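Colleague: Structure incoming, see below.
The values are calculated or read from the model by the stated rules, or taken from the named source; none is laboratory data. It should be emphasised that the depicted structure is a prediction, and the values quoted were computed from it without experimental measurement. As a convention, Cβ positions derive from the backbone with ideal geometry for all residues, glycine included, and neighbour counts pool all protein chains shown.
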Amino acid sequence: MNYDLSVDLGERSYPIFFRPHGQDELAERVLGEAKTGKVIIITDKNVGPLYAQGLADSLRNRGLRVALLDFPAGEPHKNLDTVRRIYERCLQFGVDRETPIVGFGGGVVGDLAGFVAATLLRGLPFIQVPTTILSQVDSSVGGKVGVNLAEGKNLIGAFHQPKWVLIDPQCLATLGIDERRAGLAEAVKHGALADADLLDEIAQNADALLNADVDSLMKVLPRAVAIKAEVVSQDEEERGVRATLNLGHTLGHAFEADCGYRGLRHGEAVALGLRAILQISRSRMGLSLRAEERISAALDALDLPSSWAERMRPSVLDRVDLDKKNLGTSVRVVLLRDIGDPVVVAMPRDEFKEQVSALAGVKCSSEVV
Ligand SMILES: NC(=O)c1ccc[n+]([C@@H]2O[C@H](COP(=O)([O-])OP(=O)(O)OC[C@H]3O[C@@H](n4cnc5c(N)ncnc54)[C@H](O)[C@@H]3O)[C@@H](O)[C@H]2O)c1
Ligand SMILES: [Zn+2]
């Protein structure tokens, strides 16, 4: 069965290959891109020894010159200091305009490697090899690349679409179960946006998915990615429908920021934000109880956190003010009329806060606490 997908963007269209045990094919495909006999692989210190070193070795055996550049794992390293060090190492290696950059790792690696590819020598060919569930279902597709500033996440960036994406679910065997769980929250989000059956599939096979069973993953990952690929094909630069991919993220980002990006993974925060949005959608958009339960069932089966109301401190709501997706005095929030029927609503900030507070049973402003 062929699971491959494509992102349709005219001349910049590209394929997404789903390849369990795909490391040999990966090497062959990278070889095909290396027109000047050189390739740069960017990875982190966890994924390097596990996978990227193997790719570098097999490319060298095929006669390529390979720079394998790594940086310490984790979000704190997704910054301009790391980018500068990588630029320097690329130049020392003798990078030219046709040297492909392979981003081999999770979303941090993909975002940073893509940013290097977007900017070095005004743009180099870029290949995404995502190795976390989050990066496989979400960040590797769509061309958003970038790094963080001390002032906030992803404040520097570009759109730079990859030449192709190769997803090998076998790589997920070495990923911690909590990372898998958090990544699957994004798959639930995609199901809520467009595919009710995907939600049921996740709910029924949650244990196998959490245990990185490749057959189960192959039933879920391509479907989840197909939704993102379709949305990006319609709206590359987020002028319209792409904004619906932020479902659960307005409050999710606020939860994440409120705990200083420690103690709550991004996907866990999204699960909390999604659960809150389901409540708001029930009261404002007429989302049915049955639809809400179908989405919650997938989150519950994955054992994703549900305690959004208890965690809804005034400081979380204050964070909503800082979200860069907001416009003026409104909060841009994605609500659901039904599964597969999202709507982006600009809600006056105070009204949004009051609504969330009422549902959570907390006071809505830090002044009154
Ligand atoms: N560009 C986009 O559209 C987009 C979308 C969503 C998220 N993001 C970004 O993605 C990032 C989060 O990505 P993430 O959750 O993949 O985090 P991550 O890249 O930090 O990976 C999580 C951890 O898992 C390790 N790891 C990765 N693959 C592994 C494997 N196969 N086996 C063992 N360990 C492995 C990493 O070294 C890291 O320690 C954030 O920076 C976020 O802003 C970008
Ligand atoms: Zn997300």
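Colleague: Residue under question is residue 131, and the condition is that it be farther than 24 Å from residue 230 by Cα, buried (at least 19 other Cβ atoms within 10 Å of the Cβ) and away from ligand 2 (no atom under 16 Å from the Cβ); does it hold?
Modeller: No.
Colleague: Same structure again: Select from the stretch 33-48 the residues that are assigned to a helix (DSSP H, G or I) and of a type in the set (Gly, Ala, Ser) and list them in ascending order.
Modeller: Selection gives 48 alone.
Colleague: Oh, and also: Restricting attention to the stretch 333-358, report how many residues are in a helix (DSSP H, G or I) and out of contact with any Ser or Thr (no Cβ under 7 Å at 6 or more places or on another chain).
Modeller: Residues that pass the stated criteria total 9.
Colleague: Please work out if residue 179 is within 13 Å of ligand 1 (Cβ to nearest atom), within 19 Å of residue 277 (Cβ to Cβ), under 17 Å from the mean Cα position of the chain (by Cα) and touching a residue at least 60 places away in the same chain (Cβ under 8 Å).
Modeller: So residue 179 fails the test.
Colleague: Within the set of pairs 6 or more residues apart or between chains, which connect a residue that is touching a residue at least 60 places away in the same chain (Cβ under 8 Å) and of a type outside the set (D, E, K, R) inside the stretch 34-62 to a residue that is within 16 Å of ligand 1 (Cβ to nearest atom) and part of a loop (DSSP other than H, G, I, E, B) with Cβ atoms less than 6 Å apart?
Modeller: Listed by first residue and then by second, the contacts come to 47/131.
Every residue, every condition in (1) within 15 Å of ligand 1 (Cβ to nearest atom); (2) within 30 Å of residue 168 (Cα to Cα); (3) part of a helix (DSSP H, G or I); (4) modelled with pLDDT of 95 or more, yes or no:
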| position | (1), (2), (3), (4) |
| --- | --- |
| 231 | yes, yes, yes, yes |
| 242 | yes, yes, yes, yes |
| 245 | yes, yes, yes, yes |
| 261 | yes, yes, no, no |
| 269 | yes, yes, yes, yes |
| 272 | no, yes, yes, yes |
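Colleague: May I ask you to list the residues in the stretch 86-108 that are of a type in the set (A, V, I, L, M) and more than 27 Å from the chain's Cα centre (by Cα)?
Modeller: Of everything in the stretch 86-108, those that are of a type in the set (A, V, I, L, M) and more than 27 Å from the chain's Cα centre (by Cα) turn out to be 91, 95.
Colleague: Search the stretch 39-55 for residues being aliphatic (A, V, I, L, M) and crowded, with 21+ Cβ neighbours inside 10 Å, and hand back the single one that is farthest from the chain's Cα centre (by Cα).
Modeller: First, the residues of the stretch 39-55 that are aliphatic (A, V, I, L, M): 39-42, 47, 50, 52, 55.
From the residues that got through so far, the ones that are crowded, with 21+ Cβ neighbours inside 10 Å too are 39-42, 47, 52, 55.
Numbers: 39: 25, 40: 23, 41: 20, 42: 18, 47: 17, 52: 20, 55: 23 Å.
Among those residues, the one meeting the criterion is 39.
Colleague: Name the residue that is nearest to residue 260 (Cα to Cα), counting only residues in the stretch 115-168 that are part of a loop (DSSP other than H, G, I, E, B), away from ligand 1 (no atom under 12 Å from the Cβ) and of a type in the set (A, V, I, L, M).
Modeller: Here the residue is 150.
Colleague: Shifting gears a bit: Can you run down the residue pairs with Cβ atoms below 7 Å, 6 or more apart or on separate chains, where the first is in the stretch 93-122 and outside the structural domain of residue 39 (by TED's automatic domain parsing) and the partner is in a helix (DSSP H, G or I)?
Modeller: From the stretch 93-122, no pairs qualify.
Colleague: Conditions first: (1) assigned by TED's automatic domain parsing to the domain that holds residue 216; (2) surrounded by fewer than 18 Cβ atoms within 10 Å (Cβ to Cβ). Residue 188 passes all but one, so which condition is the exception?
Modeller: So the condition that residue 188 fails would be (2).
Colleague: Can you tell me which of 56, 73, 67 is over 18 Å from residue 164 (Cβ atoms) and part of a loop (DSSP other than H, G, I, E, B)?
Modeller: 73
Colleague: Same structure again: Given the criterion assigned by TED's automatic domain parsing to the domain that holds residue 119, in contact with a Ser or Thr (Cβ under 8 Å, 6 or more places away or on another chain) and on the phi < 0 side of the Ramachandran plot, identify the matching residue among 150, 158.
Modeller: Checking each option against the conditions leaves just 158.
Colleague: Please name all residue pairs, on different chains or six or more residues apart, with Cβ atoms under 6 Å, provided the first residue is in the stretch 263-279 and is assigned by TED's automatic domain parsing to the domain that holds residue 352 and more than 15 Å from ligand 2 (Cβ to nearest atom) and the second residue is among the charged types (D, E, K, R) and part of a helix (DSSP H, G or I).
Modeller: Pairs that qualify, where the first residue is assigned by TED's automatic domain parsing to the domain that holds residue 352 and more than 15 Å from ligand 2 (Cβ to nearest atom) and the partner is among the charged types (D, E, K, R) and part of a helix (DSSP H, G or I), are 278/292.
Colleague: Under the condition of being touching a residue at least 60 places away in the same chain (Cβ under 8 Å) and not aliphatic (A, V, I, L, M), which residue from the stretch 250-262 is nearest to residue 345 (Cα to Cα)?
Modeller: So the residue we want is 250.
Colleague: Which condition does residue 113 not pass, out of (1) surrounded by fewer than 24 Cβ atoms within 10 Å (Cβ to Cβ); (2) away from ligand 2 (no atom under 16 Å from the Cβ), if it passes all the others?
Modeller: With respect to (1) surrounded by fewer than 24 Cβ atoms within 10 Å (Cβ to Cβ); (2) away from ligand 2 (no atom under 16 Å from the Cβ), residue 113 is out only on (1).
Colleague: Output the number of the condition that residue 287 fails; it satisfies all remaining conditions of (1) more than 20 Å from the chain's Cα centre (by Cα); (2) part of a helix (DSSP H, G or I); (3) not small (Gly, Ala, Ser).
Modeller: Failed condition: (2).
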